[in-house]
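Reading through the structure tokens given below for one structure.
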Amino acid sequence: MQDLVLSLLNPDQVRPAEQLLKDTQTRSLIRKQLGQLLLLSKNVHSDPYDQLLVIASQADFATEDECVCVASIVYRYLPITEIFPMVTEHHGMDLGSRCLLALSFFQPAMQQPRFYRQAGRQGFYQADRHDLAKHFTNWEYFLNEMLPLST
């Protein structure tokens, strides 16, 4: 996160921002601000996970923990070439994550989006991530808008 802070903020803002990131009370506010700056920036930054985290932090409907989880899902699953969910092979968090990303980024390729939306919610419920299940559609549209990978 330090590289991102250094690249997005003025030198006199770096130290206060680093201190605020250490404080659990202000961390999510600083991540939101960094996310807004990142989205306005035209630069590519070094750590993709930190970038995903500050972008996910822009989701007003989610808790900080939920934003961290979604950033981790995108970071972990997006490089996988076989991202599409298979309900006979994938279960729990794996199924929920694959359904979420497939619908967010590759929806035109999904034959039955309603089926996979429900399967994804169920996968998150099985993994005891009720917050992700509840906000599944919110995250689907948020990721599609904020990280437009498909055309």
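Computing FRET efficiency as 1/(1 + (r/R0)^6) for Gln2 and Asp60, where r is the C-beta to C-beta distance and R0 is 22 Å, gives about 0.25. Both the radius of gyration and Dmax for the chain are 16.2, 54 Å, in that order, over alpha-carbon atoms. Taking Cβ atoms as reference points and 15 Å as the exclusive limit, the residues near Arg98 contribute a net charge of 0, counting Lys and Arg as +1 and Asp and Glu as -1.
Taking each pair of distinct Cα atoms in region 1-58 once, what is the resulting Kirkwood hydrodynamic radius in Å?
Hydrodynamic radius (Kirkwood, Cα pairs) of region 1-58 is 11.2 Å.
Computed from the coordinates by the stated procedures, all read-outs in this text should not be read as laboratory data. What you see is a predicted model, and the numbers here were worked out from it, not measured in a lab. Note: ideal-geometry Cβ built from the backbone for every residue, glycine included; neighbour counts use all protein chains shown.
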